[in-house]
Structures are given as C-alpha cells and as structure tokens.
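Each remark here refers to the structure printed beneath this line.
The values are calculated or read from the model by the stated rules, or taken from the named source; none is laboratory data. Everything numeric in this text was worked out from a predicted model, so none of it was measured. Heads up, the Cβs are rebuilt from the backbone with ideal geometry, glycines too, and the neighbour counts pull from every protein chain shown. The protein model used for the area step is the full one, side chains on, heavy atoms only, and it has no ligands, DNA or RNA in it. Shrake-Rupley method; radii C 1.70, N 1.55, O 1.52, S 1.80 Å.
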Amino acid sequence: MTHWVDTGIEYLKGVGPAKAQALKAELGIHTVGDLLSHYPFRHEDRSKIYQVNQLNGEDVYVQLQGFIQPQGIVGMGGGRRFVANFRDKTGEIELVWFQGYQYIEKSLKPNAFYQIYGKVNNFKGKLSIPHPELEIIEGHTPKSQGILVPVYPLTEGMRRKRLDNKFMVSICRVAVSSPQFHIPENLPIAILEKYKFLSRKDAIKELHFPSSIARLEDAKRRLKFEEFFYLQLRHLLIKGVRNRSYKGLVFEKVGQYFTEFYNNHLPFELTDAQKRVLKEIRADVKTGLQMNRLLQGDVGSGKTIVALLTMLLAIDNGYQASIMAPTEILATQHYYSLQEWVTSIGLNIALLTGSTTKKKRTELLEKTKNGEIHILVGTHALLEDHVQFEKLGMVVIDEQHRFGVAQRAKLWKKGQVVPHVLVMTATPIPRTLAMTIYGDLEVSVINQMPKGRKPIQTLHRAESMRPIVMDFLKKEIALGRQVYYVFPLIEESEKLELNSLMNGYDVVTSYLPTPEYKYSMVHGKMKAADKETEMQKFKNHQTQIMIATTVIEVGVNVPNASVMVIENAERFGLSQLHQLRGRVGRGSEQSYCILLSGNQLSQNGKKRLNTMVATNDGFEIAKVDLELRGPGELDGTKQSGILDLKIADIRTDESTLIASRVEAQKWLEFDELLMKTESAPIKYELNRSPHRTVWSKIS
Ligand code: ADP
Ligand code: MG
C-alpha cells in the first residue's frame, strides 16, 4: 500500500491533473509528502477584519467584508485591467485584476456579501487591492478558517493560474484532514523524549494549521531541530565514511626541510596562535586518518607561513604538496612569496595557471608527474584531470569558502591515497555558518595578529571631503608610504567598469598629478601578465598609488602600503570591505582605511560603514554581515546546501544548531553504522530524503 506521504499529488481531492502539473512544475511538489513539506513562511492572523476607512496605505495585508460591484475593463496594452468597486459601511476601495479577469468578471456576484483579503497598493495616495482573495460569506458570518492562516511561498506562475494561497490552504487542509493522514517519525524516541518534541505528524499538522501560537512554536522548535539534525548528521556521516574508506597518509617525522627552514630561514617568530595551529595539523597527519581541516584566520594573521610549514611536513615524508588560490593574481603572489622561502632550502616550486604557455605547461605537467616539482602553486586549474602528481600528500586551498564538499572530492582522485587537505579562509565566518558549511571539517583558528601591528584606523568621509582626503594622501606619500585606491567593480559591463575606473583615475590625478606621482593600475579585464607587471611595479615601490577594482581583494601583500582608499564604499559588502582593508596594516607603520561615500546612504549602507569604523574584528564583522544579508547571500552558501534550509535560520537558531550537532555526534557514538533498531527512524529519513543521491554516492 502506498504510504499517505508518497501518494501522488494528483490523487489529492481538489487537485486533479492540471493543477498537479502546475504544482510539480512550479514548486516541485509531486507527492502529498512534498506538499506537507512545503512549509508556510508565516501565518496571518485572520481574526482581524478591517474597515475601509481604517486603511491608510500602510497596512500590508488586510481583510475586509462587504459588497463588490464590477466596473469593467479599462486601460490598454500592458495596463489593461478589470476593475471592481468594493464597499463596506465605512467607504469604498478599488479591486483590480490584471490577469484572469474573464473568469473573475463572470464569477462576481453583485449582491453577495464577500470577505476579501489582499495587499493594499498605494499609488500616489489612491488605494487599491490587486488580485484579492475572495470568499462569499453565507448569512454574513465568516467561514471559520482557523484564526492563524498559513501563508505559503508561491511563484508568479502559480498565481497566473489562479492557484493562490487560498488554493494552497485548501489542499493542505484536505491533506491533513484525510483519514489516511499519517507522517512517519524520523527522530529517535530518545531524542523526542529528551526535548519533549511533538511527533513529526503533530508538528507538521500544527505548523500548517496551528491550534494556538504556543503549539505553532512547539512545531517550529521540533522541525528546526530536525532540519539541523539531519544536516549535521550528514556531515558527520561523510566524515565517518571518509575515515573508514580512505586511509590517511602518515607523516611521522618532522624532517630535514622543516627543521632547516624553521631553524635557519624563518623570517620572524611565529605567534602562539600559529604555533598552536601547526601542532593541531601535526597531530592530524600522524593519526592515519585523512586530514580535512579548515584554518580560519583574519586577514594578515599569517596563514601563508602555516601553509608552507604544513607543506614541508609532506615533503619531509616523501610527498609532494600543492597550494590553490581562487585567482591568478593570488596564485602568482603565493608563488613569489613561497619561492623566496623554499628555494632557500633547495626545493622546487612551480606555478601553473590559465595563462601558462603550452610549452611551459607540458614541461610542468611532466615534472609534476615524475615528482621533480615539490610544490605546485596554481588556480583551480590544478583540479583538472590531466594534472597528475607522482605522490601528492598535501593540498592547501587558500581564501576559499566557495569550496564545497564536491570540489574537495575532486582532489581525492589525484592519487592512490587521498592527500591531506587544509582549507584556509580569511573571511571569518560565524561559527554557525562554519558548522553548516564545513560541518565535516575540523576547525583551527588563528586568533592573534603578529606582534607590532598597529590597529588600522578606519575613517568614513563623505564625497564633499575629498580635497582633505587627497591632502592626507600627499602627506603619507611624502613619508614614503604607498596607497591603494579602489573602485567598485561594475559587473554589468566591462566597458562601464573601465570607464568608471578611468574617470576615477582622472579625478585622482587632478589632485595628485603625474608624473610627480606614479601609478599602477589593475582591473579585472587585463591580461594576467599585465596585471602582474603592474603589481610588481607597486611591490618594488616604482609606483606609489595602486588604482584598482576589487581584483586586489584578497592576498596581495605589500607591507609598505599604508593607506587604503575605497571609493563608493557604500556599494561594497562588509566582507569585501574587510578584505580590502586587510591589504594595509601589514607593516609596522600606522595604517589607514578611508571609506569615501556619497552623502545619501541607505540604512544598510550606513550600518555597514559604521561597523567598519567601529571594529577591526573580522568575526564581529562577519556576524553583522550575516544579520544584514542573510545566509543565502553570503559567498559559498549556494553549493553548501544551507539555502535548502526550509525553516531553521542560522542567524536566530544558533542554540538549536549546537544542540543538534551534539545529538548527532552522540547518536553516532552510540550507533556509528545505524544498525541498531533505535536508529530505524534515522535510516528511514536518510533513505527517503532528497539528499539520498549524495548519500548513496558516499556510502
Ligand atoms: P594572511 O593570513 O592574510 O594570508 P599572510 O600570511 O599574508 O596573512 O601574512 C601577512 C603578513 O604578516 C605577511 O607579510 C607575513 O610575512 C607577515 N607575518 C606572518 N606571520 C608573522 C609573524 N608571526 N610575525 C611577523 N610577521 C608575520
Ligand atoms: Mg593570505
């Protein structure tokens, strides 16, 4: 017998083939179970009935009762619409339909008493309600819809077919009122009891049609936990499978290269935080398990040297290492700074990017394959299949939280044995986000800056203060310092981007004229080699001012640069601003970050700039960023699956997230392979969930 939740949606009363087709195409709802997992995103309190004279154009959604008088079709072309007049005892308001009005026109009953529901539109003081929901009330008493009415996410396509919220409410009600209504439990009894959770069946029913606000909260509490629990459990299962299926390389010794470099070539003393992280990594690579570690450290905290020492561990034990960066410019930077260090101890390092010539590439690939190259630096091009190592033991992935499980998995194909992986990110991400995206990784944090750094001073200046800012730049340059001057990237068009950069350059040079002041310029559309030349000129102090779009965002390291000016700073996201600011403050001089903006700022824009001025702490900034933008907008979240969260929110449900992690861990300690009877609900869920493809691939 088919289970209720697996019943095809077309068999639900009130649906039928055409509507079923729409539900599938528009919302991906194929079964009754899918329908019931299409959670409402809020509930309307429909106990309140407004009167027309109470509407002031600010009430978003309102419910009214009265009579409707059709007026007819007005307007031309795209403005063509059907208009009716709604009236209660206090006044009148226009109802408008742009689509489907033949049907509405036919079905409106002039003498019927209606309850209508919709969003008030205020056009220059004239109020109307487009596409209201209509319901005829017999005998002037409203049909009880329950006091809290669910509001479902819908698409335009659904609305066009007149499959509106009212339709969704009605079919969901059918689904939960059927005598067959049942939803199997997917949490173990022990957890249900410990947290006093509603059963899954009750929770789903209460979430759609709450019997009270308290019950609605109970339902949400359970469903959020459940959602996080499975997210965490999947991470831990992936980790478990990885640990059981892949042996990790064992790097027992700290050998010749590490020791030689550490004792004789280390350019500075490591901070305690750097030392601690290295210890964590060394412990990892001795266990016989494959390391998957995330290293978080704010910009400038010194991750590169940690990466190098980690790679030396691999080389000392007879393996090759590789470091990947997201852009060519960054890969090139890494190459140069690492080269200086590793050639001092006699190792071979090479750079492979998209612009490596064919001849050179063939040679490099050969030397990588036969093991002559110890460290290969590059962009994601290193992931391509034809890049083969003799013995790859360690992969460092820099500046990435765009690097999900799938991309990491590609690395596993690179050798007989899976290399250790260290993912480094300079965009500190709040713990909740890290747990959600990187729940299968161990996490290390460098929470300390190298000694002698002066905190960067950040100033926000309006456009009108440009002359004063320019004077300040002159003074700094006279002291021998260098300046970054950054313009926003204009993504819509290369031409626009270049134009705005050129205009900007003209403005800057009108204050700081050439040839007295010398400029480098870098933008996204330049050839890699040209970018590199410009960067080198700046690095060697042949130029004093680096004009750039955000291509310099990550990784660029010029300690003598002490001022970062960001033009139109209000257009940048917080994490971008923080990354840019991190380009200065790398030497011992006092550094400055100047945020130039227009005089008019949006609420969010103001909050971003104020946050930048108030704090240098990347974690603090990441938190505000998450609050302002929501997880869906943050880099890296697209592939991470956290957009699939239907009810839980990592911004507000942190404690639930942590509890779910703990419970998932405990459960796997109790029953690692999910073989015990108590784990049956979990196995059921893992086998039926939409993630099952991933699951079957890894198990
Ligand atoms: P990030 O973590 O942003 O990648 P880098 O590794 O580029 O930071 O380091 C930033 C700068 O700090 C570099 O110039 C680096 O040489 C220097 N640095 C790193 N660690 C230390 C340290 N322990 N003491 C002094 N300077 C350091
Ligand atoms: Mg770096």
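Suppose each label sits 7 Å from its Cα in the direction of the beta carbon; what would the SER178-LYS537 distance come out to in nanometres?
Label at SER178, label at LYS537, 7.2 nm between them.
If I fit a long axis through the Cα atoms of helix 165-177 and take the longest principal axis of the Cα atoms of the chain, what angle between them do I get, 0 to 90°, rounded to 10?
Between the helix axis and the principal axis of the chain, the angle is about 80 degrees.
Whole angstrom only: what separates the Cα centroid of the stretch 56-94 from the Cα centroid of the stretch 250-326?
69
Could you sort MET449, MET535 by their accessible area in this structure, using a 1.4 Å probe and putting the largest first?
Highest to lowest solvent-accessible surface, that is MET449, MET535.
Using the Karplus curve 6.51 cos²θ - 1.76 cosθ + 1.60 with θ = phi - 60°, what ³J(HN,Hα) values do you get for each residue of the stretch 226-241, in whole Hz, with x for Gly and Pro?
4, 5, 5, 4, 6, 4, 5, 4, 4, 4, 5, 5, 4, 4, x, 4
What's the magnitude of the charge dipole for the chain around its Cα centre, counting Lys and Arg as +1 and Asp and Glu as -1 at the beta-carbon? Answer in Debye, nearest 20.
For the chain, the charge dipole is close to 700 debye.
Near the amide H of THR458, under 5 Å away, which other amide H atoms are found, from residues 5 or more places off or on another chain, if H is placed in the peptide plane?
Amide H to amide H, under 5 Å and 5 or more residues apart or across chains, THR458 pairs with CYS593.
Positive end of the charge dipole of the stretch 217-355 (Lys, Arg +1 and Asp, Glu -1 on Cβ, about the Cα centre): tell me which of THR343, GLN296, GLN232 has its Cα farthest that way.
GLN232
Once phi is turned into ³J(HN,Hα) by the Karplus curve 6.51 cos²θ - 1.76 cosθ + 1.60 with θ = phi - 60°, what whole-Hz value does each residue of the stretch 148-159 show in order, with x for glycine and proline?
The phi angles translate into 9, 9, x, 10, 9, x, 9, 9, 4, x, 5, 4 Hz.
Show me, for the stretch 540-545, the HN-Hα J-couplings you get by feeding each phi into the Karplus relation (A = 6.51, B = -1.76, C = 1.60, θ = phi - 60°), rounded to Hz, glycine and proline as x.
7, 6, 6, 10, 10, 10
With all protein chains present, calculate the accessible area of MET470 using a 1.4 Å probe and round the result to the nearest 10 Å².
Rounded to the nearest 10, that gives 0 Å².
Could you work out the relative contact order of the chain? I mean the mean sequence separation of Cα pairs under 8 Å and 6+ apart, divided by the number of residues, in percent.
It rounds to 12 percent for the chain.
Please calculate how many Å² of accessible area the chain carries per residue, with a 1.4 Å probe and no DNA, RNA or ligand atoms counted.
Using a 1.4 Å probe on heavy atoms only, each residue of the chain averages 47 Å².
For the chain, which whole percent of the accessible surface, found with a 1.4 angstrom probe, sits on carbon and sulfur atoms?
Of all accessible area on the chain, carbon and sulfur atoms account for 51 percent.
Could you work out how far helix 16-27 tilts from the main Cα principal axis of the chain, as a 0 to 90 degree angle to the nearest 10?
The answer is roughly 30 degrees.
By how many degrees, 0 to 90 and rounded to 10, does the Cα axis of helix 303-316 deviate from the longest principal axis of the chain?
Helix 303-316 sits roughly 70 degrees off the main axis of the chain.
Would you mind working out the magnitude of the charge dipole of the stretch 430-484 relative to its Cα centre, with +1 at each Lys and Arg C-beta and -1 at each Asp and Glu C-beta, to the nearest 20 Debye?
Once rounded to the nearest 20, the dipole reads 380 debye.
Considering only protein heavy atoms, with the full assembly of protein chains and a 1.4 angstrom probe, order TYR195, TYR103, TYR114, TYR61 by accessible area, largest first.
TYR103, TYR61, TYR195, TYR114
On a 1.4 Å probe surface of the protein chains, which of GLU58, GLU363 comes out largest in accessible area, and what is the full order?
The residues order as GLU58, GLU363, largest area first.
Taking 0.36 nm per residue of separation and subtracting the Cα-Cα distance, what length does fully extending PHE268 through GLU620 add?
In short, 123.9 nm is gained.
How about the stretch 510-584: which chymotrypsin sites (Phe, Trp or Tyr not before Pro) there are in a DSSP loop, with at most 16 other Cβ atoms within 10 Å of their Cβ?
Within the stretch 510-584, no chymotrypsin sites (Phe, Trp or Tyr not before Pro) qualify (loop, at most 16 other Cβ atoms within 10 Å).
Would you compute, from DSSP H runs of 4+ residues alone, the mean residue ellipticity of the chain at 222 nm, taking -39500 (n - 2.57) per run and dividing by the full residue count, rounded to the nearest 500?
-12000 deg cm²/dmol
Can you say what percent of the DSSP beta bridges in the chain, counting only those with both residues inside, are antiparallel? Round to 5.
35
Separation between the THR155 and GLN69 pseudo-spin-labels, each 7 Å from Cα along Cα→Cβ, expressed in nm?
In this crude label model, THR155 to GLN69 measures out at 4.1 nm.
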